[in-house]
Amino acid sequence: MKTYIVGGAVRDALLGRTVVDRDWVVVGATPQQMIERGFRPVGKDFPVFLHPQTQEEYALARTERKTAPGYHGFIFHTSPAVTLEDDLVRRDLTINAIARAEDGTIADPFNGQADLKARVFRHVSAAFAEDPVRILRLARFAARFADFTVAPETMSLMQSMVEAGEVDALVPERVWQEMAKGLMEAAPSRMFAVLRECGALARIMPELDALWGVPQPPLHHPEVDTGVHIMLVVDHAASRDFALPVRFAALMHDLGKGVTPAATWPAHHGHEGLGLKLIGDLCRRLKVPNDCRDLALMTAREHGNVSRAAVLRPNTLVTLFERCDGLRKPERFKQMLLAAECDFRGRGGDPAQVREFAERPYPQGPLLAAALEVARAVDAGAIAAQWAERPAQIREAVHAARVAAVKRARPELLQQAGILDNVDDERTSQT
């Protein structure tokens, strides 16, 4: 019986990255032998055991055979006769098919170390094509290791998988799981670039894929292309280490531009409302968690209003807070402001312009956050008590009190945000 550390732990150690989790493969053992040594069985699909002291996972070396389309269509086989190379040849990428023995010896039968040095994602064998999740995993790795490229033969294989319909068999939960992980990496745009190139994005998120090639006003969007803009926005969210709901909202905020009538291009009038159905459909299809869905819908609907914050009247501001339920859920409202800020900053046609937009002042966020706190400070309970004999008027009275409070505070709020109070009309601006 021999044990080896495999996969990501070996890869990350060789790259000099922090190793978070370690996975082990056991060669030459039976399930009964593992149990006799104190290991606790936990695997459902194939024998996996928890170490009695470390609680790390140890899997028996295995082979697998494709029996049906999709992610679950496999039969697994384990026995003491299965070798380490038999196990590694079924793995996705050469950089993940490296093993380290307990004495530190490296086993690298598929030249994964060479691909690590060359910064290349390359599939180990034709078995890659049997599992469509591997397309998502490779794309997610591209978001993590932004300086890696995909080997031409691997990209060709993924394109063939998409054409064969393998991606269509993916279960929604797994698609979202991989998407969410990729969004939380340092360069999410790399994930979407890989998915677009192999054709998978058009199958799993056609609403997003439709944005490439859609023009925008060059004065406000030097990058012009809507798809390019979205990638700049989501990468800015990643650079700020924002939470997953903010990053997803940044990804979804301009979805409506993919369906606006061509006659409205490049202005895309009404894209905010048109995007709501698309976001709802996508979230239902991929079973996106409610917190991500709700923030995405709010951001798509309101990011234009956020951009006009300095010229919105007090009544409009309070109505905005009420419509977004910001008075009860201020933290979610502030997350929406962060996503809208990413929209503002994620622009530019060249690296210098991208840096310039990323560093421009963005007073709208602080202004709205401060105005929200002014509105929330109004004592709604006291007002309700004053109108106890006319309960139908309570909501209107509370709203009026909040509007009055924001109106009184507006000059000071504008000054604090660094905005000159020289506009009184609710003018439109490009978003």
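Descriptive notes on the structure:
- Residue match in segment 64-87 (condition: modelled with pLDDT of 95 or more, hydroxyl-bearing (Ser, Thr, Tyr) and not in a loop (DSSP other than H, G, I, E, B)): no
- Qualifying residue in segment 92-107 (condition: surrounded by fewer than 16 Cβ atoms within 10 Å (Cβ to Cβ) and in a helix (DSSP H, G or I)): no
- Annotation note: of Val214, Val224, the sole residue that is in contact (Cβ under 8 Å) with a residue 40 or more places away in the chain, on the phi > 0 side of the Ramachandran plot and in a loop (DSSP other than H, G, I, E, B) is Val224.
- Leading residue by the ranking (surrounded by the most Cβ atoms within 10 Å (Cβ to Cβ)) among those in segment 25-62 that are under 30 Å from Lys117 (Cβ atoms) and either under 29 Å from the mean Cα position of the chain (by Cα) or touching a residue at least 40 places away in the same chain (Cβ under 8 Å) (or both): Tyr58
- Considering segment 234-334, the qualifying helices (runs of 4 or more DSSP H), each wholly inside and each with 1 or more residues that are basic (Lys, Arg) and in contact (Cβ under 8 Å) with a residue 24 or more places away in the chain, run over 244-252, 271-286, 290-307.
- Hey, Val403 surrounded by 12 or more Cβ atoms within 10 Å (Cβ to Cβ), out of contact with any Gly (no Cβ under 8 Å at 6 or more places or on another chain) and either on the phi > 0 side of the Ramachandran plot or at pLDDT 90 or above (or both) or not: yes
- Criterion: crowded, with 16+ Cβ neighbours inside 10 Å, closer than 29 Å to Ile95 by Cβ, within 17 Å of the chain's Cα centre (by Cα) and not assigned by TED's automatic domain parsing to the domain that holds Leu338 - qualifying residue of Val175, Val150, Val234: Val175
- Where Ser429 falls short, out of the listed (1) at pLDDT 95 or above; (2) under 30 Å from Pro188 (Cβ atoms): (1)
- Val378 meets the conditions (1) surrounded by 15 or more Cβ atoms within 10 Å (Cβ to Cβ); (2) under 26 Å from the mean Cα position of the chain (by Cα) in every case but one. The failed one is (2).
- Condition check for Ala358: buried (at least 16 other Cβ atoms within 10 Å of the Cβ), assigned to a helix (DSSP H, G or I) and touching a Lys or Arg at 6+ places or on another chain (Cβ under 8 Å): yes
The values are calculated or read from the model by the stated rules, or taken from the named source; none is laboratory data. Source: prediction; values computed, not measured. As a convention, Cβ positions derive from the backbone with ideal geometry for all residues, glycine included, and neighbour counts pool all protein chains shown.
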